[in-house]
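Attaching a single structure in structure tokens format; questions to follow.
The values are calculated or read from the model by the stated rules, or taken from the named source; none is laboratory data. Keep in mind that what you see is a predicted model, and the values were worked out from it rather than measured. Counting neighbours? That spans all protein chains shown, and the Cβs are built from the backbone with ideal geometry, glycine included. The protein model used for the area step is the full one, side chains on, heavy atoms only, and it has no ligands, DNA or RNA in it. Shrake-Rupley method; radii C 1.70, N 1.55, O 1.52, S 1.80 Å.
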Amino acid sequence: MDGKTAHRVVIVGAGFGGLNAAQALARAPVSITVIDRKNHHTFQPLLYQVATAGLSPGEIAAPIRSILRRHKNVEVLMAEVTGFDLERRVVQTAVQDEAQEIPYDSLIVAAGASHAYFGHDEWQTAAPGLKTIEDALEIRRRVLLAFELAERRASAGESCDLLNFVVVGAGPTGVELAGTLAEICRHALAHDFRAIDPRRARIHLVEGGPHVLPAYPEDLSRSALEQLQRLGVEVLTSTMVTKIEPGVIYMGESKMNAAVILWAAGVAASPLGKKLGVPIDHVGRVLVNPDLSLPNHPEVFVIGDLAALKDESGKLLPGVAPVAILEGRFVAKLIARGLAGAPSFPRSVREEPALSLSKGGGFDSRPPFHYHDKGSLATIGRAAAVAQFGKIHISGFMAWLAWLLVHILFLIGFQNRVLVFIQWAWSYFTYERGTRLITGSTSLPGWNGAHLGNPGAEAEEMSAVSHK
């Protein structure tokens, strides 16, 4: 293929949407450039397993170049995207302060999402979220370090009561973290310390709304709550977080000291959405056309967590992997079909209104994207999960087994699937957490002894708050 004359497709982001778009387009007569600031694709649904020492980073991540190396028309660039010039059709990038412009004929922006602290970004240092491998390793460091510091203090004869762990947000990520932390305390670490008893640690899950897993049906939400409580998680619903400091979390006029605070309460779209210069919603998602293109720029598509698109019922499509995967494949098909009738997109709709992505029609004839929701799954802990498949609702072991099979199926790379399956099987029968490594700093924000004061009384106070 002549790279100088081939239709140039630039894909920003190598998440589920971006990778699937690249793979679906690889057989088309196009030149593809995939740009990502990381050199690896991360299977985000399993990040909580890295954060809780169940899996190592290499088991849920794969190099982007390795994933795409069979496709000779795909180029991978590790760079930071700094902006877009839609009129000139270039993507602006920077690597070590060296600027570069990447031209395109078609552009797919699949930049994903980040944490949202609802206007309190200063909370991030005290309460890290979970979106990247780096986040997961930081959470793992804090959780394991809390036990080590408590053991050291108790061994020195100092007063050391309970350890408090607080997870803010009872969506799928929060429920996963809280449930798995409870398992670690009750089983994996139960017999590893001499001066402290990890089983006495308290796990608190704080939710501003009245239910855990608020996006799920009421019966599954209730089942999730019961499963969390059986694991020993103390759930505080209808409890708003008003302030977070290192080692301390405030809920209304009450406060709780905590060894580790984790954030799973909010998601914001990538800041790249604003740089497209088009309308966005309140969390930064780009308002796209039904075919996922930008208004007045049919050659530019936005997919995944960055796209704001409603289904036929008027409900916003969720920011989950299946949606991003199907959107990536859908956009790839639109571009490939467009090439069958024309070498390039027009500069604007007004220039060539008859040019089509399908034979015999204009841009208005593009089919809209349709997503058929095949179900939702959320894991809570060992053999504990909830699942919704249309009108079928299941919970417990069968839901957990379905969750396990689906996630292994979606893992990229045969080797990753085998490693994860073996590791999970071993953990299931032995309760072992095989990657309990503390790397980096040995300091813990807020570790001054205050959070070891009287957490039992604070927990009683918080329980009273949750029942108001």
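Ordered by residue, what ³J(HN,Hα) values in Hz, to whole numbers, does segment 316-324 give under the Karplus form 6.51 cos²θ - 1.76 cosθ + 1.60, where θ = phi - 60° and Gly and Pro are x?
Calculated HN-Hα couplings, in order: 5, 5, x, x, 10, 4, x, 5, 4 Hz.
Would you mind checking which residues have amide H under 5 Å from Glu75's amide H? H placed 1.01 Å from N; only 5 or more apart, or other chain.
It is Ile32, Thr33, Val34, by chain and number.
Only Lys, Arg, Asp and Glu count, each charged at its Cβ (+1, +1, -1, -1), so figure out the dipole size of the chain about its Cα centre, rounded to 20 debye.
Charge dipole of the chain: 1200 debye, to the nearest 20.
How high is the FRET efficiency from Asn296 to Ser56, r the C-beta distance, R0 41 Å, rounded to 0.05?
0.35
Leaving ligands, DNA and RNA out of it, report the carbon-plus-sulfur percent of the accessible area of the chain at a 1.4 Å probe.
For the chain, the apolar C and S fraction of the accessible surface comes to 53 percent.
Once amide H atoms are placed 1.01 Å from N in the peptide plane, what residues at a sequence separation of 5 or more from Val167, or on another chain, have their amide H within under 5 Å of its amide H?
Those lying under 5 Å, H to H, from Val167 are His204, Leu205, Val206, Leu262.
Going by average Cβ density within 10 Å per residue, which order do the peptides 292-300, 389-397 take, highest to lowest?
Ranking, from highest mean packing down: 292-300, 389-397.
So, how do all the Cα-to-Cα distances of the chain break down into 20 Å bins, in percent, from 0 on up?
It works out to 23, 52, 23, 3, 0, in whole percents.
Can you list residues from other chains, or at least 5 along the same chain, whose modelled amide H is less than 5 Å from the amide H of Leu309?
Leu317
Please check which bits of segment 32-60 a label hung off Ser66 would reach, taking the label as a point 7 Å along Cα-to-C-beta and the cut-off as backbone N under 14 Å.
39-43, 56-60
Would you mind checking the pairs Lys315/Lys374; Lys72/Lys333; Lys72/Lys131; Lys274/Lys333; Lys310/Lys333; Lys72/Lys374 and listing those with alpha carbons more than 22 angstrom apart?
Lys72/Lys131; Lys274/Lys333; Lys72/Lys374
Now for a separate question. Summing +1 for each Lys or Arg and -1 for each Asp or Glu, what net charge is found among the other residues whose Cβ lies under 14 Å from the Cβ of Gln124?
Around Gln124, the surrounding residues sum to -3.
Fully extended, how many nm does the chain gain between Leu409 and Ser114 (0.36 nm per residue separation, minus their Cα-Cα distance)?
Extra length from Leu409 to Ser114 when fully extended: 103.7 nm.
Also, I was wondering about something else. What distance in nm separates the two pseudo spin-label positions at Ala94 and Thr125, each 7 Å out from Cα along the beta-carbon direction?
Inter-label distance under the simple model: 2.3 nm.
Which whole-Hz couplings ³J(HN,Hα) result when phi for each residue of segment 51-57 is put into the Karplus expression 6.51 cos²θ - 1.76 cosθ + 1.60, θ = phi - 60°, listed in order with x for Gly and Pro?
With coefficients 6.51, -1.76 and 1.60, one gets 5, 10, 6, x, 10, 8, x Hz.
³J(HN,Hα) across segment 73-78 via Karplus (A = 6.51, B = -1.76, C = 1.60, θ = phi - 60°), whole Hz, x for Gly/Pro?
9, 10, 10, 10, 10, 8
Let me ask something else. How compact and how long is segment 36-175, expressed as Rg and Dmax of its alpha-carbon atoms in Å?
Cα-based Rg and Dmax for segment 36-175 come out at 20.3, 69 Å.
Still on this structure: May I ask which residue of Pro128, Ala378, Ser238 lies farthest towards the positive end of the charge dipole of the chain, with charges of +1 (Lys, Arg) and -1 (Asp, Glu) on Cβ and the Cα centre as origin?
Ranked along the dipole, the leading option is Ala378.
Quick one: dipole size for segment 164-220, taken about the Cα centre, charges +1 on Lys/Arg Cβ and -1 on Asp/Glu Cβ, in debye to the nearest 20.
380
Suppose R0 equals 35 Å. What FRET efficiency, 1/(1 + (r/R0)^6) with r the Cβ-Cβ distance, do Thr82 and Arg200 give to the nearest 0.05?
Here the calculated transfer efficiency is 0.10.
Ser443 to Ala383: FRET efficiency via 1/(1 + (r/R0)^6), r the Cβ-Cβ distance, R0 35 Å, to the nearest 0.05?
About 0.45, to the nearest 0.05.
Pulled fully out, how much extra length does the chain show between Lys315 and Arg337, if you take 0.36 nm times their separation in residues and subtract their Cα-Cα distance?
5.1 nm
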